[in-house]
Amino acid sequence: MQKAEELDDKDKEAETFVALGDYYALQRKNSEALQNYMRALSIDPALYRSTVQIGRMYKESRAFSDAEGELKNVVTADPNYGPAYRELAELYMQWANQSQQTSMLKQQKH
């Protein structure tokens, strides 16, 4: 992984950058993870795993509409890409729970 970080823009192995993104994501270094996922997508825009990972990161940071947009882009591009549907389901569940909690807090204040 450390060698992959030394690669310059001339090196075009998208999967290397996905692996680096995963490495940083596990450490909760989202900026570094996002940078590598984006770099992978610049090499191969059809690398849907990177887009799903970006959507997951948005979901985890509670940027629900951004996450939804990323994931819906994948589903539109490839309706058979199952991981996007899984992330969408998890997104909608988390988003609904957040909305419900917000609604309950508003009711308690009144």
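The values are calculated or read from the model by the stated rules, or taken from the named source; none is laboratory data. On a predicted model such as this, the values are computed, not experimentally measured, just so you know. Cβ atoms come from the backbone with ideal geometry, glycine included; neighbour counts cover every protein chain shown. We work out accessible area using only protein heavy atoms, side chains counted, and drop any ligands, DNA or RNA first. Shrake-Rupley method; radii C 1.70, N 1.55, O 1.52, S 1.80 Å.
Report yes if residue 89 is touching a Phe, Trp or Tyr at 6+ places or on another chain (Cβ under 8 Å), of a type in the set (A, V, I, L, M, F, W, C), more than 15 Å from residue 21 (Cβ to Cβ) and at pLDDT 95 or above, otherwise no.
Details: touching a Phe, Trp or Tyr at 6+ places or on another chain (Cβ under 8 Å): no; of a type in the set (A, V, I, L, M, F, W, C): yes; more than 15 Å from residue 21 (Cβ to Cβ): yes; at pLDDT 95 or above: yes.
So residue 89 does not fit the description; no.
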Checklist entry - For segment 52-64, what are the residues that are surrounded by 13 or more Cβ atoms within 10 Å (Cβ to Cβ) and among the charged types (D, E, K, R)? => result 56, 59, 60
Next on the checklist: Need pairs with beta-carbon distance below 9 Å; first residue free of Cβ contacts under 8 Å to residues at least 40 places away in the same chain and within segment 84-110, second of a type in the set (Ser, Thr, Tyr) and assigned to a helix (DSSP H, G or I); sequence gap 6+ or separate chains.
Outcome noted: 84/48; 84/51; 91/58; 95/65
Item to check | Subset tally (residues that are hydrophobic (A, V, I, L, M, F, W, C), assigned to a helix (DSSP H, G or I) and over 11 Å from the mean Cα position of the chain (by Cα)) for segment 40-63 | outcome: 3
Item to check | Only one of 67, 89, 96, 77 that is surrounded by 11 or more Cβ atoms within 10 Å (Cβ to Cβ), of a type outside the set (S, T, N, Q) and more than 23 Å from residue 34 (Cβ to Cβ) | outcome: 96
Checklist outcome for this item: Within segment 15-40, the residues that are among the basic types (Lys, Arg) and open to solvent by 70 Å² or more (accessible area, probe 1.4 Å) are 28, 29
Checklist entry - Could we say that residue 19 is over 12 Å from the mean Cα position of the chain (by Cα), outside any loop (DSSP other than H, G, I, E, B) and under 17 Å from residue 84 (Cβ atoms) here? => result no
Checklist entry - With respect to the numbered conditions (1) modelled with pLDDT of 95 or more; (2) out of contact with any helix residue (DSSP H, G or I) (no Cβ under 7 Å at 6 or more places or on another chain), which one is the sole condition not fulfilled by residue 105? => result (1)
Checklist entry - Given the residues 61, 103, which is the only one that is more than 19 Å from residue 28 (Cβ to Cβ) and hydroxyl-bearing (Ser, Thr, Tyr)? => result 103
